[in-house]
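Each value in this text was obtained by applying a stated rule to the coordinates, not by laboratory testing. This one's a predicted model, so the numbers in the text were calculated from it and none came from an experiment. Heads up, the Cβs are rebuilt from the backbone with ideal geometry, glycines too, and the neighbour counts pull from every protein chain shown.
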Amino acid sequence: MPVTTSNDSSASSEIGEVHFREIRTSDNRGYLVSKRALDIIASIIGIILLSPIFLIVSLLIKIEDSKGYSLFKQIRMGKDEKEFYMYKFRSMVSNAEELKASLMDINEAEGPVFKIKEDPRITKIGRFIRKTSIDELPQLFNVLKGDMSLVGPRPPLPDEVDQYSAYEKQRLKVKPGLTCYWQVSGRSNIGFNEWMELDLQYIRERNFIVDIKLICKTVLVLFGSKDAY
């Protein structure tokens with residue numbers, strides 16, 4: 001879905017911004033209840049149906065790098081800046097965080113995000129599960145717990161949020177999700193400012209129909225996306 005160019009979405013998002021246009025949500029109780037019901041039902045079905053993939057991927061990760069766990073948890077920021085542990089399949093070597101500092105000077109992402117297309121820390125199986133987004137599947141447990149939703153802005157790291165402007169922090173007004181406009185519109189090929197605008201656009205527009213459309217579109221682009229790394 002294209003990014004709107006209204007005055008609301010064109011507000012400056014520079015770090016240190018003081019004045020900005022507030023993003024208002026139009027949530028109602030019926031929408032929030034139906035959204036949570038969909039999250040619970042879909043996550044339970046997904047966990048059951050995908051359990052064989054969970055097992056196979058876990059084994060392949062351990063075979064390639066036996067030093068670390070197949071799953072890892074990482075602190076992320078949720079709704080209203082509440083911290084929670086987000087689950088993923090491990091796609092990097094077991095000492096990836098220790099190596100991150102030595103790679104900061106070749107970071108390819110804009111803004112506070114750290115991302116390298118040819119990250120040397122990524123394992124062979126890790127490259128495959130990232131390309132197919134299989135590494136994100138354990139977040140179905142986060143959805144079931146209520147930390148996340150199926151649809152919502154991707155949950156950022158605390159140190160990224162520390163660098164957000166007040167305008168950008170508005171993406172934390174809603175529960176984070178597995179997919180959103182950014183996820184189906186180019187992902188890693190989208191610049192930081194456009195990413196933030198897409199998330200704020202979702203917050204303004206979100207309703208049950210928008211969520212269903214995004215879920216369907218995500219399924220269509222999920223496997224083999226050239227924009228995931």
Exercise. Rounded, prolate or oblate: which fits the range 35-221, taking a ≥ b ≥ c as square roots of the Cα gyration tensor eigenvalues, rounded meaning a/c under 1.5, else prolate when a/b beats b/c?
Worked result: oblate
Problem set entry | Residue-span extension gain [Ile40 to Asp27] - 0.36 nm each, minus C-alpha spacing | 2.8 nm
For this session: Give, in nm to one decimal, the length gained when the segment between Glu97 and Ser51 is fully stretched (0.36 nm per residue of separation minus the Cα-Cα distance).
Result: 13.8 nm
Seminar exercise, completed: Quick calc, Asp159 & Lys213: beta-carbon distance into FRET formula, R0 41 Å, rounding 0.05, result 0.80
For this session: Kindly put Trp195, Trp182 in sequence by how many other C-beta atoms sit within 10 Å of each C-beta, fewest to most.
Result: Trp182, Trp195
Seminar exercise, completed: Counting only backbone N atoms under 18 Å from a point 7 Å out along Cα-to-Cβ of Leu220, the residues of the range 160-182 in range are 179-182
Seminar exercise, completed: Long-range amide H partners of Glu83, meaning residues 5 or more apart or on another chain whose placed amide H is closer than 5 Å, are Gly78
Exercise. Once label points are set 7 Å from the Cα along Cα→Cβ at both Gln74 and Asn189, what is their separation, rounded to one decimal in nm?
Worked result: 2.3
